[in-house]
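The values are calculated or read from the model by the stated rules, or taken from the named source; none is laboratory data. Only a predicted model underlies this, so the values are computations on that prediction, with no experimental measurement involved. Don't worry about glycine lacking a Cβ; one is built from the backbone with ideal geometry, like all the others, and counts go over all protein chains shown.
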Amino acid sequence: MNRVFLIGIAGDSGSGKTTFAEGIRRMFHGRVAAFSMDDYHTLSRKERFERGITPLNPEMTDLELFREHLLMLKCGKAIEKPVYDHSLGERRCCERFEPGEIVIAEGLHTLYEGLNELYDYRIFVDPAREIKRTWKLKRDVEERGYRREDVIREIIQREPDYKRFVDFQKIYADTIVKIYPSMLKSSERISYLSSQEEMYRVRLVFTNLSVNMKHVGLKLDLSRMIKAGERDFAISFFSDYYYGKRASFIDVDGFLSVEIFQSLLDVLRDETGEKLEWDVGEYASSTEIAKLMICWNLVEVMNSEKI
Ligand SMILES: Nc1ncnc2c1ncn2[C@@H]1O[C@H](COP(=O)(O)OP(=O)(O)O)[C@@H](O)[C@H]1O
Ligand SMILES: O=C(COP(=O)(O)O)[C@H](O)[C@H](O)COP(=O)(O)O
């Protein structure tokens, strides 16, 4: 098998790593294999609790085995990896994992020293605290079956470890995805006020500007954007330094009509020759648009590596 394109996604628990990985997997249909670093936990939930240690502490992840596996996957070799069962809170052995053309590794410590240089593309997801809390609470209660009060207690307990052990990894990322509450909410059309759908403002920080960005020009037709949108939408660009690196910042807020989103997608498909599968409803949310922009950047990096 040829060399694999390796993507690392890091971020806090409940910050949307798995959701982003799933988004990328769907876009590059059939070419992506994704796995979670949770599977490399060293202790069970009970043991961690007894020792008063959170999973955010890197000692709770077998970084050495994970590194070994990344190196194997990078050369296209299959691995026998452990599996962490969230319903039991225990690690069990083992399952075979076959690399795809693209492999995504997502987890709390994927961009640690000794690991971050192994990837071809690094993403750090970084939602605002209140958004992350809401997402984690909902997911842990509804999908993982935990008691609400236990999750709230853990969220509070984990915060110092997040700063100590997870947050700094963003300095190694090619793309940082920051998610904030929308700034457009108050001016949304009245017909949408009863909508259950949350609105977010996404800030993308691209730090890999040294990549030769000549393959794809993602043209935004501003006049169509203004005419076609019934829902509020805002986009802005600026450049600045991000932890010592020159970076491009793109802020996207609200919803874009599907016709405009589709036309952006068509440009991306035409210029890259990638099929890129996407499933959006009547409107594309800021997080969908963010995924499209990351995908554009990803394809640029993939192409630049082929040269
Ligand atoms: N872009 C998004 N928009 C709305 N909700 C989201 C989004 N991303 C994640 N979520 C919510 O947050 C929860 C946690 O996301 P998940 O991807 O499982 O996080 P992680 O893998 O980082 O722990 C999901 O179950 C989902 O409900
Ligand atoms: O912090 C996380 C990471 O998970 P994710 O990023 O998937 O939320 C989980 O709490 C641990 O994996 C332990 O799992 P559990 O709490 O189920 O024992």
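As an exercise: evaluate Phe28 against (1) touching a helix residue (DSSP H, G or I) at 6+ places or on another chain (Cβ under 8 Å); (2) more than 16 Å from ligand 2 (Cβ to nearest atom) and give the number of the one condition it does not meet.
(1)
Does the stretch 5-13 contain any residue that is surrounded by fewer than 19 Cβ atoms within 10 Å (Cβ to Cβ), more than 9 Å from ligand 2 (Cβ to nearest atom) and either at pLDDT 95 or above or farther than 24 Å from Phe168 by Cα (or both)? Spell out how you get there, then give the answer.
Of all residues in the stretch 5-13, those surrounded by fewer than 19 Cβ atoms within 10 Å (Cβ to Cβ) come to none.
The answer is no; no qualifying residue exists.
Name the pairs whose Cβ atoms lie under 7 Å apart, with the first residue in the stretch 121-134 and farther than 19 Å from Ala173 by Cα, the second near ligand 1 (Cβ under 8 Å from one of its atoms) and small (Gly, Ala, Ser), and 6 or more positions between them or separate chains?
Lys132/Gly14; Lys132/Ser15
Are any of the residues in the stretch 104-111 aliphatic (A, V, I, L, M), without any contact (Cβ under 8 Å) to a residue 24 or more places away in the chain and within 15 Å of ligand 1 (Cβ to nearest atom)? Let's see the steps before the verdict.
Applying the first criterion (aliphatic (A, V, I, L, M)) to the stretch 104-111 yields 104-105, 108, 111.
Those still in the list that are without any contact (Cβ under 8 Å) to a residue 24 or more places away in the chain too: none.
No, every residue in the stretch 104-111 fails to be aliphatic (A, V, I, L, M), without any contact (Cβ under 8 Å) to a residue 24 or more places away in the chain and within 15 Å of ligand 1 (Cβ to nearest atom).
Quick check on the stretch 34-61: of everything there that is in a loop (DSSP other than H, G, I, E, B) and either without any contact (Cβ under 8 Å) to a residue 12 or more places away in the chain or surrounded by fewer than 21 Cβ atoms within 10 Å (Cβ to Cβ) (or both), which residue is farthest from ligand 1 (Cβ to nearest atom)? First the steps, then the outcome.
Going residue by residue through the stretch 34-61, those that are in a loop (DSSP other than H, G, I, E, B) are 42-44, 52-57.
From what's left, either without any contact (Cβ under 8 Å) to a residue 12 or more places away in the chain or surrounded by fewer than 21 Cβ atoms within 10 Å (Cβ to Cβ) (or both): 42-44, 52-54, 57.
Values: Thr42: 19, Leu43: 19, Ser44: 19, Gly52: 22, Ile53: 19, Thr54: 14, Asn57: 17 Å.
It comes out as Gly52.
Give the number of residues within the stretch 16-25 that are within 12 Å of ligand 2 (Cβ to nearest atom), touching a strand residue (DSSP E or B) at 6+ places or on another chain (Cβ under 8 Å) and in a helix (DSSP H, G or I). Steps first, answer last, please.
Here is the first cut: in the stretch 16-25, the ones within 12 Å of ligand 2 (Cβ to nearest atom) are 16-21.
In the following step, the residues that additionally are touching a strand residue (DSSP E or B) at 6+ places or on another chain (Cβ under 8 Å) were identified as 16-18, 20-21.
Still in the list and also in a helix (DSSP H, G or I): 17-18, 20-21.
Adding up the residues that qualify gives 4.
If I filter the stretch 68-85 for residues that are within 9 Å of ligand 2 (Cβ to nearest atom) and touching a residue at least 12 places away in the same chain (Cβ under 8 Å), do I get at least one hit? Working first, answer last.
Initial filter on the stretch 68-85 (within 9 Å of ligand 2 (Cβ to nearest atom)): 84-85.
Filter once more, so that each one left must be touching a residue at least 12 places away in the same chain (Cβ under 8 Å): 84.
Yes - at least one qualifying residue is present in the stretch 68-85.
Pairs, please: C-beta under 9 Å, at least 6 apart or cross-chain, first residue acidic (Asp, Glu) and in the stretch 1-17, second in a loop (DSSP other than H, G, I, E, B) and crowded, with 20+ Cβ neighbours inside 10 Å?
Asp12/Leu56; Asp12/Leu108
State the number of residues belonging to the stretch 261-287 that are in contact (Cβ under 8 Å) with a residue 60 or more places away in the chain and part of a helix (DSSP H, G or I). Working first, answer last.
Initially, the stretch 261-287 is screened for residues in contact (Cβ under 8 Å) with a residue 60 or more places away in the chain, giving 274-279, 285-287.
Applying the additional criterion that residues be part of a helix (DSSP H, G or I) yields 286-287.
Count: 2.
For residues that are surrounded by 15 or more Cβ atoms within 10 Å (Cβ to Cβ) and within 15 Å of ligand 1 (Cβ to nearest atom), tally how many sit in the stretch 135-160.
11
Could you check how many residues of the stretch 43-58 are within 11 Å of ligand 2 (Cβ to nearest atom) and out of contact with any Lys or Arg (no Cβ under 6 Å at 6 or more places or on another chain)?
As a first pass, look at the stretch 43-58 and keep what is within 11 Å of ligand 2 (Cβ to nearest atom): 43-49, 54-57.
Those still in the list that are out of contact with any Lys or Arg (no Cβ under 6 Å at 6 or more places or on another chain) too: 43-49, 55, 57.
Looking only at that region, the number is 9.
Among the strands (runs of 3 or more DSSP E) lying completely within the stretch 62-134, list those that include at least 2 residues that are surrounded by 15 or more Cβ atoms within 10 Å (Cβ to Cβ) and among the aliphatic types (A, V, I, L, M).
Details: elements: 79-85, 90-97, 102-107, 121-127.
Correct list: 79-85, 102-107, 121-127.
Being within 12 Å of ligand 2 (Cβ to nearest atom) and assigned to a helix (DSSP H, G or I) is the filter; apply it to the stretch 142-152 and report the residue that is farthest from Ala105 (Cα to Cα).
Restricting to residues being within 12 Å of ligand 2 (Cβ to nearest atom) and assigned to a helix (DSSP H, G or I), the top hit is Asp150.
Anything in the stretch 107-160 that is under 25 Å from Met199 (Cβ atoms) and touching a strand residue (DSSP E or B) at 6+ places or on another chain (Cβ under 6 Å)? List them, or say none.
Within the stretch 107-160, Ile123, Phe124, Val125, Asp126, Pro127, Ala128, Ile131 qualify.
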